[in-house]
Amino acid sequence: APSGRSWRLARLTAPLARRLAGRRFFPLWAVVHHRGRRTGRALSVPVAVQAHPDAFVVALPWGERTNWAQNVLAAGGCTVRWKGRDHEVRNPSLLPPAAARPYFGRTQWTIAEHLFAPTSFLLLPRRS
């Protein structure tokens, strides 16, 4: 089971994240809507997101084997609800920290690095 600072932070903020994620006035969090790769069930998960005009970048503090990330990769896409709007995502891919770094400002990178200590990131390109 996941443990450590990022896991405790996630457990602490989960109720608030579920309530605020994806809303127009709260751009720090989005909701990733995806399908279970085994069950086919519609699922959703709130995530901290770094948004860019062409893509979203999500830190994966528990690694690339996280179930929801594996579901998105297996399906080849998902829907990201961010700032009150749905954004279709196609061709997601995993990024090592060095490749994800340019998507973050200095302050955001420092926070992500120290708070989440991600070993990989998920790049979610917006569908044009």
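One residue stands out among those in region 7-41 that are hydrophobic (A, V, I, L, M, F, W, C) and either modelled with pLDDT of 95 or more or in contact with a helix residue (DSSP H, G or I) (Cβ under 9 Å, 6 or more places away or on another chain) (or both): the one that is most open to solvent (accessible area, probe 1.4 Å), which is L28. Being modelled with pLDDT of 95 or more and out of contact with any strand residue (DSSP E or B) (no Cβ under 6 Å at 6 or more places or on another chain) holds for only one residue in A55, A69, A117, A99, and it is A99. Could you grab me the full set of residues in region 76-90 that are closer than 13 Å to V49 by Cα and charged (D, E, K, R)? Within region 76-90, R81, K83 qualify.
The values are calculated or read from the model by the stated rules, or taken from the named source; none is laboratory data. The structure presented is a predicted model; accordingly, all values stated were derived computationally and were not measured. Virtual Cβ from ideal backbone geometry, glycine too; neighbours counted across all protein chains shown. Surface accessibility is based on the protein's heavy atoms, side chains included, excluding ligands, DNA and RNA. Shrake-Rupley method; radii C 1.70, N 1.55, O 1.52, S 1.80 Å.
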